[in-house]
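Below you'll find the structure, written out as structure tokens, and then a few comments.
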Amino acid sequence: MRILRIALAQVNTAVGDIDGNVELIIDAMVSAREAGAELVAFPELAITGYPPEDLVLHRRFVGDNRAALDQVAAGAVGVSAIVGFVDGSTEHHAPIYNAAAFLHGGRVAAVYRKIHLPNYGVFDEERYFERGAECPVIDFGGVRIGVSICEDVWEPVGPSEVQRASGAEVNININASPFERGKDGVRRELISGLARRNQMFACYVNQIGGQDELVFDGTSLVYGPDGALIAEGERFCEDLLLVDLDLDQVDAVRSRSAWNKPSERELAAIGIASEMTISGAAKPPASAPAPQTAIAEPLSEEAEVYRALVLGTRDYARKSGFGKAVIALSGGIDSTLTAVIAVDALGAENVLGVALPSRYSSDGSVADAEALSKRLGIRLWNLPIEPAHAAFEEILEDEFRGTDVNVAEENVQSRVRGNVIMTISNKFGYLVLTTGNKSEFATGYATLYGDMAGGYAVIKDVPKTLVFRLCEYRNEAGPGAPIPRSVIDKPPSAELRPDQLDSDSLPAYEILDRILERYVEDRRDAEEIVAEEAALDGGDEATVRRVLQMVDRNEYKRRQSPPGVKITGLAFGRDRRMPIASRYHPH
């Protein structure tokens, strides 16, 4: 019986914190060795953190990353490791590569360079990296291992197939794969298919943590040569996943059915096959217990999105050096959800709520903000803005005389609030968490330099209908029900004029979010959306075209919004890059 004990280390690295990342990696190597692992794999670009973006254009950064790899390699004694790093020369304009180092015996024994470089959505790897050319198979103490990096396994024929043709029995795929709602099932099908198609073990290790707008959910996976799931890592937290691979299973599967080998032409187009042997692989100590593997129950959409929002908020604050956050609490559902997420991410003692009621704020909204603060155990400052609001009106009174009151006067209130919140931030060094949702950002139903002013927009990629569902989920999840029922039940309102409701300016959110998803995320044409809405007895043609026009003409606002957690397949900012000054308006 041939057994390989492998560890998949889903660590929470920080971009640019090379020393801190090295410490995380070495600590995980020690834990893996103590657990009897012969080999431990780390995520993509674990040395630098992912995505390093333009940091890799600084040659000193590349050199520091390589020196750090040598430091990690020196610690690879008693256990071997696969570690993501930036490979290449520090010479100006020399090519660099997104690479994985195979560390053994205190040195870099082999290097794999990523072949398929993603250049879509949030990925810009062709901006930085050159494509690799070799697909090495490493004979590791009699076990033939192929290494690949993230996007390499998203192609129907990739490095794994070239390595399989050279006899690879195990594929180790290191990743920095961002979370999106609904993506988990796609990943599982992908890795299962790779294992089954190539009759090999497929080991997928993913990064954990938040980095600016991206969240990485971990969920490392191991599939057997028959495509069955063997083990999986924790979701949204660090984990060291240990599993024993019985290589006799590979022999058994391959003896039962032939491999559907791609053509030589297809394989040659991917890369050059190469081989190397590493002898004397460490063996698990007899005292090390066999790893206990478990398959977790799948999370609901609300649960996985909520955990992503908490993790993204926590890590943005922590990695940016903020210990505390401040939120303008209106008593509405968006600021309420943002506050609850902030408390779950940072702790109640680190969150300040500020109520900023105006002459149009209802007594119920102020009461809801107070009730929420008590349930969460956070401080609440009540700072009425009427004096500042009235002062603005007085300043503009002569110039505005004879004109109709419109949104300009309404937005004064929002901008006063923005000034107060930013001043508190400036005074005490708190991170301002803004409270706008995706439906509002999409349609421009937000005030520049008002409620959009802040440092991090927690729910900017969360549609309004999902905001309601997340509130219900959080109350059900407990402990207790932090969100007052009155907040969820009352009609949404900006409360900038008497008796104002969101429905005065926007379609019903069920209709609006459906239109927005088709237009923004699915990139559907107006005519298609009109036809689909008609079939559903939803928004009429005028409503559809009005919504699309609102999206198009508010790009300038979105460009000035704070970063926020990406949870959908296409988020504003990193994913959707539209011109601000554009004359193309097909609807």
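Table: residues versus (1) within 30 Å of the chain's Cα centre (by Cα); (2) exposed (fewer than 15 other Cβ atoms within 10 Å of the Cβ).
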residue	(1), (2)
P384	no, yes
A391	no, yes
N411	no, no
L433	yes, no
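Note down all Cβ pairs under 7 Å where the first residue falls in region 72-91 and is at positive phi, the second is surrounded by 15 or more Cβ atoms within 10 Å (Cβ to Cβ), and they're at least six residues apart or on different chains.
Listed pairs, sorted by first residue: G78/R33; G78/A282; G88/V62; G88/I96; G88/Y97.
Out of V137, V108, V153, V162, which single residue is under 29 Å from the mean Cα position of the chain (by Cα) and among the aliphatic types (A, V, I, L, M)?
Testing whether each residue is under 29 Å from the mean Cα position of the chain (by Cα) and among the aliphatic types (A, V, I, L, M) leaves just V153.
For G75, which of the numbered conditions (1) crowded, with 20+ Cβ neighbours inside 10 Å; (2) at pLDDT below 95 fails to hold?
Condition not satisfied by G75: (1).
For D404, state whether it is in a helix (DSSP H, G or I) and without any contact (Cβ under 8 Å) to a residue 24 or more places away in the chain.
Considered against the rule, which asks whether it is in a helix (DSSP H, G or I) and without any contact (Cβ under 8 Å) to a residue 24 or more places away in the chain, D404 comes out as no.
Could you please tell me which pairs satisfy a Cβ distance under 8 Å, a separation of 6+ or placement on different chains, a first residue in region 468-496 that is free of Cβ contacts under 8 Å to residues at least 24 places away in the same chain, and a second residue that is β-branched (V, I, T) and crowded, with 21+ Cβ neighbours inside 10 Å?
N475/I483
Which one is surrounded by the fewest Cβ atoms within 10 Å (Cβ to Cβ) among residues in region 451-466 that are in a loop (DSSP other than H, G, I, E, B) and under 21 Å from the mean Cα position of the chain (by Cα)?
Only one residue fits best here, namely G455.
From L117, L45, L55, which residue is in a loop (DSSP other than H, G, I, E, B), touching a Phe, Trp or Tyr at 6+ places or on another chain (Cβ under 7 Å), in contact (Cβ under 8 Å) with a residue 40 or more places away in the chain and within 25 Å of F216 (Cβ to Cβ)?
L45
Kindly provide the set of residues from region 504-544 that are closer than 15 Å to P586 by Cβ and not in a helix (DSSP H, G or I), ordered by number.
Hits for region 504-544 are R523, R524, D525.
Mind listing whichever residues of region 546-575 are basic (K, R), surrounded by 16 or more Cβ atoms within 10 Å (Cβ to Cβ) and not in a loop (DSSP other than H, G, I, E, B)?
R546, K557, R558 - these are the residues of region 546-575 that are basic (K, R), surrounded by 16 or more Cβ atoms within 10 Å (Cβ to Cβ) and not in a loop (DSSP other than H, G, I, E, B).
Residue check: is R546 free of Cβ contacts under 8 Å to residues at least 40 places away in the same chain, basic (K, R), outside the structural domain of S373 (by TED's automatic domain parsing) and more than 30 Å from F236 (Cα to Cα)?
For R546, the condition - free of Cβ contacts under 8 Å to residues at least 40 places away in the same chain, basic (K, R), outside the structural domain of S373 (by TED's automatic domain parsing) and more than 30 Å from F236 (Cα to Cα) - is met.
Which one of the conditions (1) in the same structural domain as S358 (by TED's automatic domain parsing); (2) among the hydrophobic types (A, V, I, L, M, F, W, C); (3) farther than 22 Å from L372 by Cα does A526 fail to meet, given that it meets all the rest?
A526 satisfies every listed condition except (1).
I'd like to know if region 82-101 contains one or more residues that are under 16 Å from L194 (Cβ atoms), part of a loop (DSSP other than H, G, I, E, B) and of a type in the set (A, V, I, L, M).
Checked region 82-101: no residue is under 16 Å from L194 (Cβ atoms), part of a loop (DSSP other than H, G, I, E, B) and of a type in the set (A, V, I, L, M).
Find the residue count for region 469-486, including only residues that are of a type in the set (A, V, I, L, M, F, W, C) and either closer than 12 Å to L376 by Cβ or assigned to a loop (DSSP other than H, G, I, E, B) (or both).
The number of residues fulfilling the criteria is 2.
Here are some conditions: (1) of a type in the set (G, A, S); (2) surrounded by fewer than 24 Cβ atoms within 10 Å (Cβ to Cβ); (3) in a loop (DSSP other than H, G, I, E, B). A68 meets all but one. Which one does it not meet?
Going through (1) of a type in the set (G, A, S); (2) surrounded by fewer than 24 Cβ atoms within 10 Å (Cβ to Cβ); (3) in a loop (DSSP other than H, G, I, E, B) one by one, A68 breaks only (3).
Among the residues of region 506-529 satisfying the criterion of being farther than 20 Å from I567 by Cα and hydrophobic (A, V, I, L, M, F, W, C), which is nearest to the chain's Cα centre (by Cα)?
If we take residues in region 506-529 being farther than 20 Å from I567 by Cα and hydrophobic (A, V, I, L, M, F, W, C), then I511 is nearest to the chain's Cα centre (by Cα).
Can you name the strands (runs of 3 or more DSSP E) wholly within region 270-380 that have at least 1 residues being within 27 Å of the chain's Cα centre (by Cα), buried (at least 23 other Cβ atoms within 10 Å of the Cβ) and touching a residue at least 24 places away in the same chain (Cβ under 8 Å)?
325-328, 351-355
Looking only at region 78-94, how many residues end up being of a type outside the set (V, I, T), crowded, with 18+ Cβ neighbours inside 10 Å and closer than 22 Å to L39 by Cβ?
5
Being of a type in the set (A, V, I, L, M, F, W, C) and farther than 28 Å from G353 by Cα is true for just one of A571, A494, A534. Which residue is that?
The unique qualifying residue is A534.
Restricting attention to region 218-265, which residues are of a type outside the set (V, I, T), more than 27 Å from D315 (Cα to Cα), surrounded by 14 or more Cβ atoms within 10 Å (Cβ to Cβ) and under 33 Å from the mean Cα position of the chain (by Cα)?
Hits for region 218-265 are Y223, G224, P225, D226, G227, L229, D244, L245.
Which condition number in (1) assigned to a helix (DSSP H, G or I); (2) touching a helix residue (DSSP H, G or I) at 6+ places or on another chain (Cβ under 8 Å) is the one that L448 fails?
Of everything listed in (1) assigned to a helix (DSSP H, G or I); (2) touching a helix residue (DSSP H, G or I) at 6+ places or on another chain (Cβ under 8 Å), L448 misses just condition (1).
The values are calculated or read from the model by the stated rules, or taken from the named source; none is laboratory data. Not measured: the values here are computed from a predicted model. Don't worry about glycine lacking a Cβ; one is built from the backbone with ideal geometry, like all the others, and counts go over all protein chains shown.
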